[in-house]
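Notes follow the structure.
The values are calculated or read from the model by the stated rules, or taken from the named source; none is laboratory data. Keep in mind that what you see is a predicted model, and the values were worked out from it rather than measured. Every residue, glycine among them, receives a Cβ derived from its backbone with ideal geometry; neighbour counts consider all protein chains shown. Side chains included, ligands, DNA and RNA excluded: accessible areas come from the protein's heavy atoms. Shrake-Rupley method; radii C 1.70, N 1.55, O 1.52, S 1.80 Å.
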Amino acid sequence: ETGVTQSPTHLIKTRGQQVTLRCSSQSGHNTVSWYQQALGQGPQFIFQYYREEENGRGNFPPRFSGLQFPNYSSELNVNALELDDSALYLCASSPMAGMNTEAFFGQGTRLTVV
Amino acid sequence: QKEVEQNSGPLSVPEGAIASLNCTYSDRGSQSFFWYRQYSGKSPELIMFIYSNGDKEDGRFTAQLNKASQYVSLLIRDSQPSDSATYLCAVIGGSNYKLTFGKGTLLTVNP
């Protein structure tokens, strides 16, 4: 158990819809990163939040957006869902944003877009 | 050139053997290196991290880092069937401290 919790665990949405995924970071961690993992691939970085500010973004379109709250929990929002958005979405929390910092993953949200 | 590359699998070893997993990275400025284990249908679990050149041992696991060769490896001694999983190599480099992952190597330990 990492202390990082994600909800929901599974979700089925229709193409064009919007979805919100949630993450509670481990106690004492102020940095949350989101990753997308397609089947058979390694996780791909979406963005990172540090103390409620976006601290870097990967190669994902603007319809992927996020928030971090004062308690350091976070949301990932995806608008205008496409079939290719079907993946495992992973949230990782870290005690700080830095080089030598370990990141711990939640159990993930499996999103299926039909 | 892919940023993080792992040896193509799947890798199959008998129980009790040493499993060797390899990873190369392209960003010479990378500072931190991680190995995650991922069971099928589950999320990645951090098993080792290494920041300095050389070896780092933790139980049956040894991580090896050679920054000059841009190479990091994971050795699993006395492999057990419960070690059967996909092993992901990840690297941190750059200003936003993102993890860049390889595609993973599937390891199967046969009883």
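General observations
- Residue in the range A:56-68 that is closer than 19 Å to residue A:103 by Cα, modelled with pLDDT of 95 or more and either assigned to a loop (DSSP other than H, G, I, E, B) or of a type in the set (A, V, I, L, M, F, W, C) (or both) present: yes
- Filter result for residue A:33 (hydroxyl-bearing (Ser, Thr, Tyr), open to solvent by 40 Å² or more (accessible area, probe 1.4 Å) and either touching a helix residue (DSSP H, G or I) at 6+ places or on another chain (Cβ under 8 Å) or not in a loop (DSSP other than H, G, I, E, B) (or both)): no
- Residue check for residue A:55: in contact with a Phe, Trp or Tyr (Cβ under 7 Å, 6 or more places away or on another chain), open to solvent by 40 Å² or more (accessible area, probe 1.4 Å) and touching a residue at least 24 places away in the same chain (Cβ under 8 Å): yes
- Tally, over the range A:58-75, of residues that are under 16 Å from residue B:97 (Cα atoms) and surrounded by 20 or more Cβ atoms within 10 Å (Cβ to Cβ): 0
- Among the residues of the range B:68-111, those that are away from every other protein chain (no Cβ under 13 Å), part of a loop (DSSP other than H, G, I, E, B) and within 24 Å of residue A:100 (Cα to Cα) comprise B:68, B:69, B:70.
- Number of positions in the range B:18-46 that are in contact (Cβ under 8 Å) with a residue 24 or more places away in the chain and within 13 Å of another protein chain (Cβ to nearest Cβ): 16
- Test: residue B:15 is acidic (Asp, Glu), without any contact (Cβ under 8 Å) to a residue 60 or more places away in the chain and either away from every other protein chain (no Cβ under 11 Å) or surrounded by 21 or more Cβ atoms within 10 Å (Cβ to Cβ) (or both): no
- Filter result for residue A:72 (within 22 Å of residue B:46 (Cβ to Cβ) and within 14 Å of chain B (Cβ to nearest Cβ)): no
- Pairing each residue of the range B:89-111 that is over 13 Å from residue B:8 (Cβ atoms) and at pLDDT below 90 with any residue that is in a strand (DSSP E or B) and open to solvent by 40 Å² or more (accessible area, probe 1.4 Å), provided the two are 6+ apart or on different chains, yields C-beta distances under 6 Å for B:96/A:55.
- Members of the range A:76-108 that are among the small types (Gly, Ala, Ser), buried (at least 21 other Cβ atoms within 10 Å of the Cβ) and assigned to a strand (DSSP E or B): A:92, A:93, A:94
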